[in-house]
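What follows draws every value from the coordinates through simple rules; no lab data is involved. Worth saying up front: this structure is predicted, and the values here are computed from it rather than measured. Positions of Cβ are generated from backbone atoms using ideal geometry, with glycine treated the same way; all protein chains shown enter the neighbour counts.
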Amino acid sequence: MTMPRLIPEQNEVLEMLKRTGAFREGHFVYPSGQHTPHYFQMPLAFRYYDTARVLAVALSRKLRLEKDVSSALPKVSIISPSPGGIPVAFAVREALNAEQIYWAEREDGKRMFRQYVQTGDVHPCVIVDDISRTGVALQETVELVQQLGARVIGAAVIVRFRGAPSRLEVAGGDSVPVLSLVDFDAKWYDTGAACTECKQGVPEEHVRF
Ligand SMILES: [Zn+2]
């Protein structure tokens, strides 16, 4: 068995995602009517414990290189913007040996934490997610964390679409980098009329979200 490199290269991560079905290429149509030649379904990669561990260890190594993060450990909270990021948050927590983990959920369309989450110790926070397509989820989570009176000291995702911000604005006019294993050039077409795959007659797959 070959040991994985500590931080795999972007193409190795994409290969891993492809192998597990989390990254698919073809011709996909979203419920919104948008067309795209690629599709990420990240939980498919986290089905495999070994893959999950390699990805999380890689992310945690990038986070440890951030002085604000490494100097605060282990009194750090790993935060997921949604339940979808919980497997990543647990695996990163394990690799960093951070003390806390929690996650936001949507209630009536609004992102929020469970009630009373601020009644324990509130540690500085690192926000992690499987994928950042627009950056909205990460930035909304920054606001939530800061409402608890906590500091955001880092952020990391497995895949970041290049259109999503590479830094998050935090309190005090400061910002933190969004670390990622893959920076991906996402292609979107608002309608089939603009879609290259439609013109080439590539069979469509309809995806749920
Ligand atoms: Zn199309």
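Miscellaneous remarks
- Distance in nm between pseudo-label sites at residue 19 and residue 116 (7 Å out along the Cβ direction from Cα): 4.5 nm
- Environment charge at residue 80 (Cβ cut-off 13 Å; Lys +1, Arg +1, Asp -1, Glu -1): 0
- Pairs of lysine residues in the chain that meet both criteria, 8 or more places apart or on different chains and Cα atoms under 23 Å apart, total 5.
- The phi torsions of region 41-49, fed into the Karplus equation with coefficients 6.51, -1.76 and 1.60 and a -60° offset, translate into couplings of 10, 4, x, 5, 6, 7, 5, 9, 4 Hz, rounded to whole numbers, with Gly and Pro shown as x.
- Residues with amide H under 5 Å from that of residue 104, placed H, sequence gap 5 or more: 80, 82
- Free-standing Cys residues across the chain, given no other cysteine C-beta under 4.7 angstrom: 125
- Cut-off 19 Å, label 7 Å out along Cα→Cβ of residue 70, residues of region 89-110 by amide N: 92-99
- Over the residues of the chain, the helix contribution to mean residue ellipticity at 222 nm works out to -8000 deg cm²/dmol, using -39500 (n - 2.57) for each DSSP H run of at least 4.
- Each peptide in 39-48, 156-165 was scored by the mean count of other Cβ atoms within 10 Å over its residues; highest first, the order is 156-165, 39-48.
- Distance from region 154-177 to region 1-61 (C-alpha centre basis), Å: 20 Å
- Once the chain from residue 186 to residue 200 is taken as fully extended at 0.36 nm per residue, the excess over their C-alpha distance is 3.1 nm.
- Relative contact order %, region 59-164, counting alpha carbon pairs below 8 Å whose residues are six or more apart: 30 percent
- In order along region 54-60, the phi-based Karplus estimate (6.51 cos²θ - 1.76 cosθ + 1.60, θ = phi - 60°) of 3J(HN,Hα) comes to 4, 5, 5, 5, 4, 4, 5 Hz; Gly and Pro are listed as x.
- Percentage relative contact order, the chain, counting C-alpha pairs under 8 Å, at least six apart: 24 percent
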